[in-house]
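Notes for the one structure printed next.
Each reported figure results from applying straightforward, stated rules to the coordinates on display, with no laboratory input. Predicted, not measured: the structure shown is a model, and the values here were computed from it. Note that we place each Cβ from the backbone using ideal geometry, even for glycine, and neighbour counts take in every protein chain shown.
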Amino acid sequence: MASKLIGTAPREAENPYELSIRQAFDALESKLRPPFALTVPNPQEYMQLNRAILYGVLCEPHFAKVHIKHLHAIVTDGYALFVSLLVKVVKELYVKLFDSVKNQLIWVTKEMINVSAVGFDGLLVSLLRQIVGGDFSDGNLWLCFELVSLFLGKWDCLLEEESLVLSSALYTFLRLLADHCRLLTNSKLDVLKCLEIDFCVKMLREQFQLCLKIGRDLIRLLQDLVHVPVFRAIWKDLVLNPSEFKTPGFLDISQLYHLRTSSRYFLTRITPEMETQLRFLLTHVKLGSQKRYQAWFAKKFLFGPERETLIVDIIRFICCGHHPSNEIIQSDIIPRWAVIGWLLKSCQKNHVETNAKLALFYDWLFFDESVDNIMNIEPAMLLMVCSIPRYIDMTHTLLDFLFLLVDNYDVDRKDVISRGVKSAFATLVHKGVVQSLDVLVSCKTLSPYLKERLRKIQVLEVGVPNELHLLHISQHSMETFNLPSPTPCSETEATSKNWGIRIAN
Amino acid sequence: MISLKELSPAAQNNINTKFIVLDKMKTVAMEGQNKTCLALVADETAAVHFQFWQDECDAFEPGDILQLTNGIFSYVRKSLVLRAGKRGSVQKIGEYTMAFVETPNMSEIRWVPHPNDSHNKYVQESVISSHSRIFPPMP
């Protein structure tokens, strides 16, 4: 019998997973109607019954309640198996599911939350991952709507049972709002936007300690929304009135700077299919043979009016979520920096390129060897160094951007940023990613201004990496470059100063 | 299952293999209702020209991983192509995640009958071109 779960293109092989649950349903169909058998199934039968019920719930909306009752009656594992089967449906089949099945999927997800099923948080994360950044298609906006409604509707329950999943949702919806607030509005999008704003504001205003779990990338996402009044207000409080958030111990925004963001959050913005392709590219494709793969990836995921905003998410994923083994690093497989170079070159819009460069350097700004991972900052360094022979413009643009960040990213906490970048350079040299900064400092084609700034960093490198010393040098270098000293500022100034990088670009 | 490097021309529908589609030409209508489309396909060992037939022409795109069952590698109007033929079939089994090489190209090899073989076996005589002359490698 043809699948009621997924659409299969002509001349496409059957999906083995879909086949396994469909066959279970076909085999057990007669047992899926009341009265249900009272016998206790053995493990093999239990597995088959779970598969059959899953197929029934998803493909027979009119019998869904019967199937769920059946499940409640037989369950002996806290729904762990059923939820893991659902997660697999989302991961492997979501894009091919019929619309009616997608409706059922949301319905059964809510059921799983109601019974506090084991692993329902993972199910929610897998659904969040199916929302594609930069995609304004009806199907994608529908999923945004369903999920944001679910997170608002099940708020209390989620807060009590699996509060961390709310932080993943916040990361997702803040990122999506950047899309949804940039585009010209239409009534359909407006409704969605309001719900997304409601959810994010509720999180930030009421559950800030949960928001802190995201770490520094929370700031990066919020910056993209400062043009929206409610977020501007939140931003001002973050900068000027941290006590507004009623979170003991949160005294300054720089505390967030020092919290490295877990790769879990970056993964929420990459669909499993993108992840598979990117990881394949970075583990199997030799440098020099990547052109066709890049073209296929771009055609599938990056073409379309707003799709290129995904590049920012992908760069965060590559830097922080995909760390190759030493074996791969020493092989002829395409390195991460080369893929990032290609992605940067693929940016057509200025705001995307700026955000992509910020994504690449973000961990540099707050780098602290004791909490940060050198693998997160390695791609930017290698991209700058390896671009010298043939793409000096790339080296130039990146270094220039980095120093622009040092000067403008947060004028009131310039010492923090300055220290972070210096520590990043020092660690990269110390750990042998590059032998020294000479390769940049002695580069003939690099501008004298950039070389001068690098030299200042190099001087520091030789010195003792002692915090007092660092602070001293950082003040010294600020004087050298004749930069305006931090001054107490009004609320609006604080915002515009922290927003400086965007204005400067 | 054989790898593409093991292909040699034969009038037999017995080739089972797996490959990734690298490139595809425009579909051309042959005499009557028939459509064909030439493609470059490859696996980890070699590349070859593949001739899609009828609805196969629109069913597959570059980046698709295909499985060929009971296919045939033979001359069609003087050019050497792999195809499903009347008795074989070709199905999409995945996308993207397959490594490939573009040389040698089994369609760009001059084959001659085996000097002392009665079963119409062919052996490689010379390489006409290291890469496909129809689908040049991406710069």
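Pairs of alpha-carbon atoms within less than 8 angstrom and 6+ residues apart define the contacts here; what relative contact order does segment A:1-118 have, in percent?
With pairs under 8 Å counted, the relative contact order is 32 percent.
Within 10 Å of each Cβ in peptide A:294-305, how many partner chain Cβ atoms are there on average? Round it to a whole number, please. Let's see the in-between values first.
On the way: counts 1, 3, 9, 2, 0, 3, 4, 0, 0, 0, 0, 0.
Across the residues of A:294-305, the mean count of other-chain Cβ atoms within 10 Å is 2.
Please check which bits of segment A:121-141 a label hung off A:ASP99 would reach, taking the label as a point 7 Å along Cα-to-C-beta and the cut-off as backbone N under 20 Å.
Label zone hits: A:130-132, A:135-141.
Against the longest alpha carbon principal axis of chain A, how many degrees, from 0 to 90 and to the nearest 10, is the axis of helix A:80-93 turned?
For helix A:80-93, the angle is close to 70 degrees.
What does DSSP give for segment B:10-132 in terms of the percent of beta bridges that are antiparallel, rounded to the nearest 5?
So the antiparallel bridges amount to about 95 percent of the total.
Search the structure for amide H atoms under 5 Å from the amide H of B:LYS24, placed 1.01 Å from N in the peptide plane, and list their residues when 5 or more places away or on another chain.
HN-HN under 5 Å from B:LYS24: B:LEU40.
Tally the DSSP beta bridges in the protein assembly as shown and give the antiparallel ones as a percent, rounded to 5. Display every interim value, and only then the final one.
On the way: 36 of 39 bridges.
Of the beta bridges lying entirely in the protein assembly as shown, close to 90 percent run antiparallel.
Shielding by partners for A:280-287, please: the mean number of other protein chain Cβ atoms within 10 Å of each residue's Cβ.
2
I'd like the FRET efficiency for A:GLU161 and A:ALA80, computed as 1/(1 + (r/R0)^6) with the beta carbon distance as r and R0 of 22 Å, rounded to 0.05. Could you put the intermediate results ahead of the total?
Working: r = 15 Å, r/R0 = 0.67.
It comes to 0.90.
Can you list the lysines whose alpha carbon sits under 27 Å from that of A:LYS236, skipping same-chain ones fewer than 8 residues off?
A:LYS193, A:LYS202, A:LYS213, A:LYS246, A:LYS357, A:LYS414, A:LYS497
Quick check: pseudo-label points 7 Å beyond the Cα along Cα→Cβ at A:ASP138 and A:LYS345, how many nm apart are they?
Those two pseudo-labels are separated by 3.9 nm.
Test of the criteria: in segment A:191-269, which trypsin sites (Lys or Arg not before Pro) are in a DSSP loop and have at most 12 other Cβ atoms within 10 angstrom of their Cβ?
A:LYS246
Place a point 7 Å from the Cα of A:HIS284 along the Cα-to-Cβ direction; which residues of segment B:94-127 have their backbone N under 16 Å from it?
B:94-102
Going by alpha carbons, how many degrees (0 to 90, nearest 10) lie between the helix axis of A:467-480 and the longest principal axis of chain A?
60 degrees
With θ set to phi - 60° and the Karplus curve 6.51 cos²θ - 1.76 cosθ + 1.60, what are the ³J(HN,Hα) couplings of segment A:404-412 in order, to the nearest whole Hz, using x for Gly and Pro?
4, 5, 4, 6, 10, 4, 8, 4, 7
Which three numbers, in whole Å and largest first, are the semi-axes of the equivalent ellipsoid of segment B:4-127 derived from its Cα gyration tensor as √(5λ)?
Each semi-axis is √(5λ); the values are 23, 18, 13 Å.
For n ≥ 4 DSSP H runs only, could you compute -39500 (n - 2.57) per run for the protein assembly as shown, divide by its residues and tell me the 222 nm figure to the nearest 500?
Rounded to the nearest 500, the figure is -16000 deg cm²/dmol.
Could you work out how much longer the chain between A:ASP26 and A:THR247 gets when fully extended? Use 0.36 nm per residue separation minus the Cα distance between them, nm to one decimal.
74.1 nm
So, in nm, how far is label A:ALA37 from label A:THR397 when the simple model puts each one 7 Å beyond its Cα toward the Cβ?
6.4 nm
Tell me whether chain A comes out rounded, prolate or oblate; compute the Cα gyration tensor, take square roots of the eigenvalues as a ≥ b ≥ c, and use a/c under 1.5 as the rounded threshold.
Values: a/c = 2.32, a/b = 1.74, b/c = 1.33.
It comes out prolate by the Cα gyration axes.
Set the Förster distance to 51 Å, then compute FRET efficiency between A:LYS88 and A:ASP368 from the Cβ-Cβ distance, nearest 0.05.
My answer for the efficiency is 0.85.
Could you run the Karplus curve 6.51 cos²θ - 1.76 cosθ + 1.60 with θ = phi - 60° over segment A:219-227 and give me ³J(HN,Hα) per residue in whole Hz, x for Gly and Pro?
Once θ is set to phi - 60°, the couplings for segment A:219-227 become 5, 4, 6, 4, 4, 6, 10, 5, 7 Hz.
In debye to the nearest 20, how big a dipole does the protein assembly as shown give about its Cα centre with +1 on each Lys and Arg Cβ and -1 on each Asp and Glu Cβ?
Values: 69 positive and 70 negative charges, 256 e Å.
Around 1220 debye, computed over the protein assembly as shown.
From the backbone phi of segment A:313-321, what are the Karplus-calculated ³J(HN,Hα) couplings (6.51 cos²θ - 1.76 cosθ + 1.60, θ = phi - 60°) in whole Hz, Gly and Pro given as x?
Result, rounded to whole Hz: 5, 5, 5, 4, 5, 5, 5, 10, x.
Provide a whole-number value for the mean count of partner chain Cβ atoms within 10 Å of the Cβ atoms in peptide B:92-101.
Going residue by residue through B:92-101 and averaging, the value is 5.
Would you mind calculating the gained length between A:MET47 and A:LYS444 on full extension (0.36 nm times residue separation, minus the Cα-Cα distance), in nm to one decimal?
The A:MET47-A:LYS444 span can extend by a further 136.2 nm.
With the crude spin-label approximation of a point 7 Å out along Cα→Cβ, what separation in nm comes out for B:GLU6 versus A:LYS431?
Taking the simple label geometry, B:GLU6 and A:LYS431 are separated by 4.5 nm.
Does anyone have the angle between helix A:374-386 and the longest principal axis of chain A? Alpha-carbon axes, 0 to 90°, nearest 10?
60 degrees
Using a Förster distance of 35 Å, how high is the FRET efficiency between B:ALA99 and A:MET1, based on the Cβ-Cβ distance and rounded to 0.05? Show your work: numbers first, answer last.
Values: r = 37 Å, r/R0 = 1.05.
The calculated FRET efficiency here is 0.45.
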